[in-house]
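What follows is a set of notes on a single structure, which appears directly below.
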Amino acid sequence: MKLRRSSPRHWHDDATRTLRCLLHFCAYIDYKTRSPQFRKGTSMSRLVRPDFNTSSLFTLRPGPVNVLTNTPAASGTPGAPTTNQQENVAVDNYTTRIVKYIPTEVISFNLAADKSVQALQSSTGDSIFVTASKSAPGLLTGAVFLVCLFGLPFYYKAAADRGQPIGINVTISMAAFILWSYATDGSMWNSFGLKLFDPSIASLSILIFTFIVGFVVPGK
């Protein structure tokens, strides 16, 4: 029996659907890890929190991050005010770090804008957006890409806890955004006659990147 080979286009469509499912999964895990059941008395953060035992910029390990939290200690005298004590808590394990390092909300916005430009190219309207989408789609999608990319540091700074270092988080998230934009076949990568997208490279890069970044633990 002769097996039918899938065309590169079909293979690419399957890979893109898989990547989008992974994006939704990351968003779901991100939501669940923010829920009260997962907090256990610690304040959650959009960013991976620094390990208080790590004095360097970052370290590589699969284990969770160790942070110090202030928890109320029960007073021995009834009616006396309680005091706070510091407790070593393990948070942001390997899987959670992967989820937090991938800026799913920014990737989703860029993907939606990219597909909107592609849809406008087949529109019969004569608005300025339709005209621009047909005449310079690469410029439009490239502009959205740059806004998302350089807006990431500001977004992460606003989402960070007070005094929390954001360098490692921002660096990895910007790299993740670029890689996911490429892996989802953003039209910018095939504009101006460049044809840079390759589904094999995209999928392999996502797998390697996702596997490695989970080991990165920021230092304080």
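Please treat every number below as a calculation from the coordinates, not as lab data. None of the values given here were measured: they were computed from a predicted structure. Please note: Cβ atoms are built from the backbone with ideal geometry, for glycine as well, and neighbour counts cover all protein chains shown.
For the peptides 108-118, 90-100, the ranking by mean Cβ contacts within 10 Å, running from highest to lowest, is 90-100, 108-118. Can you list residues whose amide H is under 5 Å from PHE58's amide H, if they're 5+ apart or on another chain and H is modeled 1.01 Å from N? Residues meeting the amide H criterion: GLY219.
Summing charges over all other residues whose Cβ lies under 15 Å from the Cβ of PHE58, with Lys and Arg as +1 and Asp and Glu as -1, gives +3. Peptide packing for 143-154, 194-205 was compared via the average number of neighbouring C-beta atoms within 10 Å per residue; ordered from the highest value, the list is 143-154, 194-205.
Between LYS220 and TYR155, what is the spin-label point distance in nm, taking each point 7 Å from the Cα along the Cα→C-beta axis? It works out to 3.0 nm between the two label points. Across the stretch 48-62, coupling constants 3J(HN,Hα) worked out from phi with the 6.51/-1.76/1.60 Karplus curve, θ = phi - 60°, read 6, 7, x, 7, 6, 8, 9, 8, 7, 4, 7, 9, 10, 6, x Hz, and Gly and Pro carry x.
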